[in-house]
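J.: Okay, here's the structure, questions in a sec.
The values are calculated or read from the model by the stated rules, or taken from the named source; none is laboratory data. No experiment lies behind these values; they were computed from the predicted model shown. Here the Cβ positions follow ideal geometry from the backbone for every residue, glycine too, while neighbour counts run over all protein chains shown.
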Amino acid sequence: MSIFRKRRHQPPAKHITAIRSGVLETILASARSTHPHEFAGSLRAEGDTITEVILIPGTISGDSHAIMKTYMLPIDLSIVGSVHSHPSPSPYPSEADLQMFKNFGRVHIIAAYPYTMDSWRSYDSTGREIHLEVV
């Protein structure tokens, strides 16, 4: 018997409806720690719930941008979208954000300054705001 157990991810549901509170707290803390630069990562889900933030090697962060090298992501069907921060109080997607949403994943989170439980929003791949329950 192997002492190593394979981590088995439940495939994500068609619609993501929730995010674990610890994951959201990690997102907000990461955004605070990189301020005034943007923070960026990808989101992993199990079932209908976002369960993890994945940091992508080589991500470049600046005061008005974050560039993720998505080719560095593992091949993993449980990765469902992206997260990034805005160093301004605006949690709304820019044109560049909307373009990225359209090309990568189906759920996206923007955490805006001051990175509190009230300063983040979630969007679908078209940029339409969606509700995620914090569980």
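J.: Those residues that are under 15 Å from T126 (Cβ atoms) and either buried (at least 18 other Cβ atoms within 10 Å of the Cβ) or touching a residue at least 40 places away in the same chain (Cβ under 8 Å) (or both), I need them from the range 81-96; list them, please.
T.: Residues satisfying the conditions are G81, S82, P93.
J.: For the range 11-111, list the strands (runs of 3 or more DSSP E) that sit wholly inside it and hold at least 3 residues that are at pLDDT 90 or above and of a type in the set (V, I, T); which are they? Reasoning before the result, please.
T.: Details: elements: 40-46, 49-54, 79-86.
Qualifying strands (runs of 3 or more DSSP E): 49-54.
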